[in-house]
1. Considering only region A:108-209, give the strands (runs of 3 or more DSSP E) lying wholly within it that have at least 3 residues that are in contact (Cβ under 8 Å) with a residue 40 or more places away in the chain, over 30 Å from A:ARG13 (Cβ atoms) and in contact with a Phe, Trp or Tyr (Cβ under 9 Å, 6 or more places away or on another chain).
2. Can you pull out every residue in region A:331-348 that is touching an Asp or Glu at 6+ places or on another chain (Cβ under 9 Å) and surrounded by fewer than 23 Cβ atoms within 10 Å (Cβ to Cβ)?
3. Within region A:314-330, restricting attention to residues that are without any contact (Cβ under 8 Å) to a residue 60 or more places away in the chain and among the polar types (S, T, N, Q), which residue is surrounded by the most Cβ atoms within 10 Å (Cβ to Cβ)?
4. Output the number of the condition that A:GLU196 fails; it satisfies all remaining conditions of (1) closer than 20 Å to A:ASN121 by Cα; (2) at pLDDT below 95.
5. Search region B:64-100 for residues being among the small types (Gly, Ala, Ser) and touching a strand residue (DSSP E or B) at 6+ places or on another chain (Cβ under 7 Å), and hand back the single one that is nearest to A:TYR415 (Cα to Cα).
6. I'm checking my understanding of the structure. Among residues of region B:56-79 that are away from chain A (no Cβ under 11 Å) and without any contact (Cβ under 8 Å) to a residue 60 or more places away in the chain, which one is farthest from the chain's Cα centre (by Cα)?
7. Pairs only if they're at least six apart or on different chains, beta carbon under 6 angstrom, first in region A:68-85 and under 13 Å from A:ASP110 (Cβ atoms), second of a type in the set (Gly, Ala, Ser); list them, first residue then second.
Amino acid sequence: MYSYSNFDADFVRNRVAEFRGQVERRIDGSLTEDEFKPLRLMNGLYLQLHAYMLRVAVPYGTLNGRQMRQLAYIAETWDKGYGHFTTRQNIQFNWPKLQDVPDILDALADVGMHAIQTSGNCIRNVTADHFAGAAADEIEDPRPTAELIRQWSTDHPEFAYLPRKFKVAVTGSPNDRAVTKAHDIGLRMVRNDAGEPGYEVVIGGGLGRTPMIGKVVRDFLPKADLLAYLEAILQVYNLSGRRDNKYKARIKILVHETGLDELRARIEEVFSRQQRLLGEVDPGIVARIDAGFTPPVWDTRPAPEAPVLDAGLRSFIDTNVVAHKQPQYGIVSVSIKPIGGTPGDATSAQMRVLADLAERYSHDELRISHEQNVILPHVHRADIPAVYAELRMAGLATANIGLVSDIIACPGMDYCALATARSIPIAQQISESFADLDAQRDIGPLKIKISGCINACGHHHVGHIGILGLDRAGVENYQITLGGDGTETATIGSRTGPGFAYDEIVPAVERLIEAYLDLREGPEEAFLATYRRLGLEPFKAALYGVEERADAA
Amino acid sequence: MARAFLPKVATANDLFEGDVIYFTDEGTWTRQLAAAAVAMTPEAAEDLLAQAAKLQGEVVGAYLADVRVEDGVPVPDHFREAFRTRGPSNYFHGKQAEVA
């Protein structure tokens, strides 16, 4: 795993000392809230509905056991004994006290972590495929690229005050698990005709109030030109991105208003200048970063051939384990979505179990997924029964990955100051409504994603079923979108019609799923495929009961 | 048509804990909405916020929130303000746990 240099460690430590002084000055009255707010936000400290919230960066979602254990320690020492994993592969603590935050940041610095650039109009934490370095379909591990971007973008003086926040995602696989087309920049590793690795560069994707699927601005960018090209995109955006209207300030609006071809021409012009100025990425830096991502020494024992007799374990393997690039290994997704639980919340005790399992069975690696689950990326298949047994003891063995109860939900109005309605209780109720795992497996792959406001942290636009919570004349109201897709075939979902009240939304989702079960051609046709075959109408009929179902005969 | 004036309380978050607080008739802050000073006119509301704003050193983000007065006690008009008097709905944390 990549470890930070002394320079990084000193830098983070100095930032904590600086913030400690700022907190002291806020408390003794030398700083007003107006003066202090931008300083705390630069250190990831938000004020939410009931308390402060500290957002901690988990670079490209990768953690080791020691770091996870430290997050557990922070949660029980300064918070309420749990943490919330987010759709940005980060972790948030919901109840820190202002005067404790410098100590929390010091505890993070002890394990090479921080909360820098988790807020503000800067380049945010770079996200990546949560199966990076393990996926059987991978061209290359995307994390060295993500780390290179992290180093380049951290405190980059030119990009500290962009028109708006800026998110970059990287995938090394043709199957896009990092939602790259919904980011300001999405990088997809590809090979050119000569077999050399490079990137397909996508810009202008994003969700929020104006959802857009990103557009390919460069079919093939050689790896060595990455930083010069990113600088070109950021320079063009920094100069031309709108600053007059916060809601039109993301690069997706610039792409939309300027047109891709014109913007591409401007980017290429700056790129050729930057290329001369910056040259290629320093091979020494690349080598140093690559060395931090050397694959583990694989355990060469063959995978066990005996059939799995335990039904629970068999379900777990079928649902939560996928192919690893080493055939004797599996990638284990640990569901942080127990039936009726809060999506993405793990207790300190659970975090410690995950840390222990990573150290003993997964070459000391963990990943946080944007779907708010935790991944043990490298588990030898012979060890899966032992891992499963320990997960079960910790309440972490729910075999529901990719199923109806594996729901993304933002914190919503239970925590977030921006939210217009609650998300978490909707997720909890849907999960309880479909509690039976056999029934969930019968329904098959289905992604429900819930946001508690138009900013779409819950990715509702790319949910097969998306739910958006709004405030309609002082009452919580939930709009449904269907047919969204966050993968390489990214699509924005279509709105079905009028929204539903808080106590009507779960029955509405139940009707949608009943309709799907009636309409599908067979169990092998997943919800999204049925929707694509039939379109909105039969589902609208199920929701609103206004038309006969398409297959009524 | 302009909405009829609703009574107001001045509310904010505590500087240290971030907990929801309300401004009282005594010029202090309370954790309980029931103990909050209620402004019954737009002028009184403006005055209430001005007084509360003088104590910005101890609190964050003071603003006026609509309430209805029931049995002489202010109750939130909007669901967001109702949640602020309790805490989150997924765990028994926040105000609801402290009051119990």
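The values are calculated or read from the model by the stated rules, or taken from the named source; none is laboratory data. As the structure is a prediction and not an experimental result, all values here were calculated from the model. Here Cβ is always computed from backbone atoms with ideal geometry, including for glycine, and neighbour counts include all displayed protein chains.
1. Where strands (runs of 3 or more DSSP E) fall fully within region A:108-209 and carry at least 3 residues being in contact (Cβ under 8 Å) with a residue 40 or more places away in the chain, over 30 Å from A:ARG13 (Cβ atoms) and in contact with a Phe, Trp or Tyr (Cβ under 9 Å, 6 or more places away or on another chain), they are A:185-191.
2. A:ILE339, A:GLY340, A:THR347, A:SER348, listed by residue number.
3. The residue in question is A:GLN326.
4. Only one criterion in (1) closer than 20 Å to A:ASN121 by Cα; (2) at pLDDT below 95 is unmet by A:GLU196, namely (1).
5. B:ALA82
6. Among those residues, the one meeting the criterion is B:ASP71.
7. If the second residue must be of a type in the set (Gly, Ala, Ser), the pairs left are A:ARG69/A:ALA355; A:LEU71/A:GLY83; A:ILE74/A:ALA107.
Residue-wise test of (1) hydrophobic (A, V, I, L, M, F, W, C); (2) closer than 24 Å to A:TYR2 by Cβ; (3) at pLDDT 95 or above; (4) surrounded by fewer than 24 Cβ atoms within 10 Å (Cβ to Cβ).
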residue: A:LYS97; (1), (2), (3), (4): no, no, yes, yes
residue: A:ALA109; (1), (2), (3), (4): yes, yes, yes, yes
residue: A:VAL126; (1), (2), (3), (4): yes, yes, yes, no
residue: A:THR145; (1), (2), (3), (4): no, yes, yes, no
residue: A:PRO163; (1), (2), (3), (4): no, no, yes, yes
residue: A:LYS167; (1), (2), (3), (4): no, yes, yes, yes
residue: A:THR171; (1), (2), (3), (4): no, yes, yes, no
residue: A:PRO174; (1), (2), (3), (4): no, no, no, yes
